[in-house]
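Only the coordinates and a few stated rules stand behind these numbers; no lab work does. If you're wondering where the values come from, they're calculated on a predicted model, not measured in any experiment. Cβ placement follows ideal geometry from the backbone for every residue including glycine, while neighbour counts extend to all protein chains displayed.
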Amino acid sequence: MLRGASAEALRELTGSLGSSGTLEDQARLGRDLFGVVEVLRGDAALRRALTDNSVEGESKSGLATAVFGSKVADKAAALVADAASRRWTSAADLADALERLAVVVTVRSAGAKGRQVGDQLFAVRRMVDTAPELRSALSDQTRSAQDRIGLLTVLLSGQVEDATGTLVSQAISRGRGSLDSTLDEFLEVAAEALDETVVTVHTARELNETDQQRLAEALGKQYSTTVQLHVVIDPELIGGLRVEIGDDVIDGTVASRLDDARRKVAG
């Protein structure tokens, strides 16, 4: 979570993204920004130089252009130079902010299928979560990032949008945090890119389309947002629903009520 000057810089940079250019332009911007993030996270001296608040913004912007200007497209070069000219709370925040922007434009590059990207990221998250051997293989740091990306690419071939494939590949090669936590983070940013809020619903049985729509509308009204609903089937719940939205958990499951009853009896 970015704070202070970094949070303000991210807000302004996000606002400057706009929606101009073709979908391919936005996909290229996402790829370029992810490449810049990789360089920044691997070069502590460069990070410090680009975020040194004692140095004039114009000088830092010039350094960013000198380093990245010939390696990325003009829009990415301009955005990175703009980011470098701003004030940052910590050196790591610059890369974190550029990564968030990369996720946003990558989701937007899917156009009308942007919401499918969120659904597909959630499906990949569930697949990894329910397949221990796959999770182990994808998290094995003794294997190269390209090898791990290739493994999942084979599994997802022809089943996901290009934007989804890009985000999953970046989550695997990120080199920090767990794959699960990175996918969760990308999911939240993807929803924000579409002005939506991720809601995960755990239920003992399938919810039909009508039930999902009603639940999404009710939660959207309650939280004053547009809901991106993801459903997890968990037979252990017996019945009812557990809803997770942001930091809130609404637990109306039978299993939860039984646990409450047991605690009251034991007490």
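Quick look at the values:
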| read-out | value |
| --- | --- |
| Förster-model FRET efficiency, 51 Å R0, Leu134 and Val55, C-beta, rounded to 0.05 | 0.65 |
| From phi via Karplus (6.51, -1.76, 1.60), per-residue ³J(HN,Hα) for segment 25-31 in Hz, x at Gly/Pro | 4, 5, 5, 5, 4, x, 4 |
| Proximal lysine pairs, the chain, alpha carbons under 27 Å, eight or more residues apart or interchain | 4 |
| Environment charge at Arg86 (Cβ cut-off 13 Å; Lys +1, Arg +1, Asp -1, Glu -1) | -4 |
| Net length gained if the chain between Thr22 and Ala7 were fully extended (0.36 nm per residue, minus Cα distance) | 2.6 nm |
| Structure-derived semi-axes √(5λ) of the Cα gyration tensor in Å - corresponding label in (1) 49, 21, 17; (2) 30, 23, 19; (3) 37, 21, 19 | (3) |
| Förster radius 30 Å - calculated FRET efficiency between Asp74 and Asp195 (Cβ-Cβ, nearest 0.05) | 0.60 |
| Whole-number percent relative contact order across segment 112-194, with pairs defined as alpha carbons under 8 Å at least 6 apart | 46 |
| Top of Glu217, Glu209, Glu161 by mean-square fluctuation, Gaussian network on the chain, Cα under 10 Å | Glu209 |
| Spin-label proximity, Asp211 to segment 228-246 - amide N less than 16 Å from point 7 Å beyond Cα toward beta carbon | 229-244 |
| Relative contact order [Cα under 8 Å, 6+ residues apart], the chain, whole percent | 16 |
| For the chain, with +1 on Lys and Arg beta carbons and -1 on Asp and Glu, the positive-most of Phe34, Leu138, Ala76 along the dipole | Leu138 |
| Exposure proxy ranking, count of Cβ atoms within 10 Å, fewest first, for Asp147, Asp119 | Asp147, Asp119 |
| Environment charge at Phe186 (Cβ cut-off 12 Å; Lys +1, Arg +1, Asp -1, Glu -1) | -3 |
| Residue order, fewest to most beta carbons within 10 Å, for Ser181, Ser85, Ser136 | Ser136, Ser181, Ser85 |
| HN-Hα J in Hz across segment 112-119 - Karplus 6.51, -1.76, 1.60, θ = phi - 60°, x for Gly and Pro | 5, 9, x, 5, 5, 4, x, 4 |
| Proxy reagent accessibility, fewest Cβ within 10 Å first, across Thr164, Thr226 | Thr226, Thr164 |
| Long-range HN-HN contacts of Thr89 with modeled amide H, under 5 Å | Ala5, Ser6 |
